[in-house]
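> The structure's right below; bear with me while I get my questions together.
The values are calculated or read from the model by the stated rules, or taken from the named source; none is laboratory data. Not measured: the values here are computed from a predicted model. No Cβ is skipped: glycine too gets one built from the backbone with ideal geometry, and neighbour counts run over all protein chains shown. Note: accessible area is taken over every heavy atom of the protein model, side chains too, but ligands, DNA and RNA are not part of it. Shrake-Rupley method; radii C 1.70, N 1.55, O 1.52, S 1.80 Å.
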Amino acid sequence: MAEAREYQALYRKWRPQRFADVVHQEYTVRTLQNAVLSGQIAHAYLLAGPRGVGKTSIARIFAKAVNCTNPQHGEPCNRCDMCTKITRGNALDVIEIDGASNRGIDQIRQLREEVNFVPAEAKYKVYIIDEVHMLTNEAFNALLKTLEEPPRHVIFIFATTEPHKVPLTIISRCQAFELKLLPPERIEKRLKEICEAEQINASPKVLTAISYRARGALRDAIVMLEQLASYKGSARIEEHDLYEIMGLASEQTVTEFLQALLSHQGRRALEIIADLAERGKDLELFVEELIEQTRDWIIAHIDGRPPLEHVSLEALIALSTQLLNLKRELGRAWEKRILLEVKSLELAQGGLVLPSSQPVPSASKETKPTKEKTAIKAHADATASSPPDKWTQLLDAVKRDRRGTVHALLLDGQPVELPDALRIEYDPQRAFRKESL
């Protein structure tokens, strides 16, 4: 009897094996590829970004590229002995370390002893440390000594979801890259490719919904698709399957709940919460869906397509702010349903001030964003009271003072003038710039 072939999860099967396969990280990929082409290899790299955007995949591709015996235009050949071993994960000279479980000084001291030995079979010994921000201060200090005088045959690649927790002394000795969240359109395109190759029968609406639900993480989207495919077998995956399996509320339910809040229908909001709870829906995920839908409405309003006839942009921003606060509170709440019910009643019974008392009509179905904007950007545009000329004057003053780096970091911020201070807000994707500032 033939031996059954081991099953490989889709996200592993579709993990990029070449720089050309990496989605939406063009700047990082091009820079690393050029480094391989020119032979100008740094001793340490930092890859920062949210989960599921390709940090570890890029690190492994780079490890292959610098050790490949037959590189092609800065790409690994994926056929030589070294490429094959690194792909399989059994290369002696490519060491992957989980920073969360190997965070102490003893592990780093052992690493410092090992780096002095020449590679066993490769050109470079590559250490990939995932979630490097989890290392202790003592471990960072021990690692710093190695980074100050690194052996020529060693390359460190650090990956982290929280770069602001990595000491600046470490960051300053690395080439740092900030990986981006993927736009839904790029995720959806990739999911279509996977469905065609794997013969997965999925409704186009399902792929669109997964792409938005993944929040920019391609790996999360592939995992969701695989879970649905396993559930449905050879049958077609429909939109309602996504809501049932992933614990999500339908788009209609989300819209109806928001309309209930905006039209002061507290009882209807409670009925919806009760129905979701009885069906075992995740209430935190529900609030995330509310925030996402409100964001889409805000952007539609900004683009001149108000989705709700008698609701102003200010009311939508106020609602978005309250929902974001609610999401933070839910994470710490013991009784999530009660908290959601109480906060919903507060919003429905006076927590939101609308320009008129007329009932809120049905929302337009055309609510998906058409431009790359965020709720934070919309909030800053609507609430910033600092006149543009004052902000421009401040930027010019910083530039004249020859603080080029500070000036560049400030350009990505949005000013909000408070009574006794100036607050500068940043998109979550630019948290690294905020911490650097």
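> Taking Gln40 and the conditions (1) in contact with a strand residue (DSSP E or B) (Cβ under 9 Å, 6 or more places away or on another chain); (2) surrounded by fewer than 14 Cβ atoms within 10 Å (Cβ to Cβ); (3) farther than 24 Å from Arg88 by Cα, which numbered condition does it fall short on, given that it satisfies the others?
Going through (1) in contact with a strand residue (DSSP E or B) (Cβ under 9 Å, 6 or more places away or on another chain); (2) surrounded by fewer than 14 Cβ atoms within 10 Å (Cβ to Cβ); (3) farther than 24 Å from Arg88 by Cα one by one, Gln40 breaks only (1).
> Restricting to region 59-74, count the residues that are modelled with pLDDT under 95 and more than 19 Å from Val118 (Cβ to Cβ).
Qualifying residue count, region 59-74: 5.
> Something else: Out of all the residues in region 9-24, is one or more of a type in the set (Ser, Thr, Tyr) and under 24 Å from the mean Cα position of the chain (by Cα)?
At the first step, the residues of region 9-24 found to be of a type in the set (Ser, Thr, Tyr) are 11.
Filter again for under 24 Å from the mean Cα position of the chain (by Cα), leaving 11.
Scanning region 9-24 turns up at least one residue that is of a type in the set (Ser, Thr, Tyr) and under 24 Å from the mean Cα position of the chain (by Cα).
> When region 200-253 is examined, which residues are found to be among the acidic types (Asp, Glu) and under 16 Å from the mean Cα position of the chain (by Cα)? Step through it out loud before you land on a result.
First, the residues of region 200-253 that are among the acidic types (Asp, Glu): 220, 226, 238-239, 241, 244, 251.
Result: Asp220, single match.
> Please work out which residue is modelled with the lowest pLDDT, limiting yourself to region 282-321 and to residues that are open to solvent by 10 Å² or more (accessible area, probe 1.4 Å) and acidic (Asp, Glu).
Glu309
> Sticking with this one: Could you identify the single residue in Lys377, Lys371, Lys399, Lys327 that is at pLDDT 60 or above and in contact with an Asp or Glu (Cβ under 8 Å, 6 or more places away or on another chain)? Steps first, please.
On the way: Lys377 fails: at pLDDT 60 or above; Lys371 fails: at pLDDT 60 or above; Lys399 fails: in contact with an Asp or Glu (Cβ under 8 Å, 6 or more places away or on another chain).
Among Lys377, Lys371, Lys399, Lys327, only Lys327 is at pLDDT 60 or above and in contact with an Asp or Glu (Cβ under 8 Å, 6 or more places away or on another chain).
> Out of Glu251, Glu198, I need the residue that is modelled with pLDDT under 95, over 25 Å from Thr56 (Cβ atoms) and among the acidic types (Asp, Glu). Which one?
Glu251
> Can you find a residue in region 224-233 that is in a loop (DSSP other than H, G, I, E, B) and either under 30 Å from Ala269 (Cα atoms) or at pLDDT 90 or above (or both)?
Going through region 224-233, the residues in a loop (DSSP other than H, G, I, E, B) turn out to be 233.
Add one more test, that the residue is either under 30 Å from Ala269 (Cα atoms) or at pLDDT 90 or above (or both), and what stays is none.
Checking region 224-233: not a single residue is in a loop (DSSP other than H, G, I, E, B) and either under 30 Å from Ala269 (Cα atoms) or at pLDDT 90 or above (or both).
> Could you list, in sequence order, all residues of region 292-310 that are farther than 16 Å from Thr255 by Cα and among the β-branched types (Val, Ile, Thr)?
Ile302
> Residues Leu242, Leu207: which one is in contact with a helix residue (DSSP H, G or I) (Cβ under 8 Å, 6 or more places away or on another chain), part of a helix (DSSP H, G or I), at pLDDT below 90 and crowded, with 17+ Cβ neighbours inside 10 Å? Let's see the steps before the verdict.
Working: Leu207 fails: at pLDDT below 90.
Answer to the selection: Leu242.
> Can I ask one more? Is it true that some residue in region 265-281 is modelled with pLDDT under 90 and within 26 Å of the chain's Cα centre (by Cα)?
Yes, region 265-281 contains at least one residue that is modelled with pLDDT under 90 and within 26 Å of the chain's Cα centre (by Cα).
> Looking at (1) more than 25 Å from Glu226 (Cβ to Cβ); (2) out of contact with any helix residue (DSSP H, G or I) (no Cβ under 9 Å at 6 or more places or on another chain); (3) buried (at least 18 other Cβ atoms within 10 Å of the Cβ), find the lone condition where Tyr27 falls short.
The one condition Tyr27 does not meet is (3).
One line per residue, one yes/no per condition, for (1) among the aliphatic types (A, V, I, L, M); (2) over 30 Å from Leu409 (Cβ atoms); (3) in contact with a Lys or Arg (Cβ under 6 Å, 6 or more places away or on another chain):
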residue: Arg152; (1), (2), (3): no, yes, no
residue: Ile157; (1), (2), (3): yes, no, no
residue: Ser172; (1), (2), (3): no, no, no
residue: Leu181; (1), (2), (3): yes, no, no
residue: Glu188; (1), (2), (3): no, yes, no
residue: Lys192; (1), (2), (3): no, yes, no
residue: Ser203; (1), (2), (3): no, yes, no
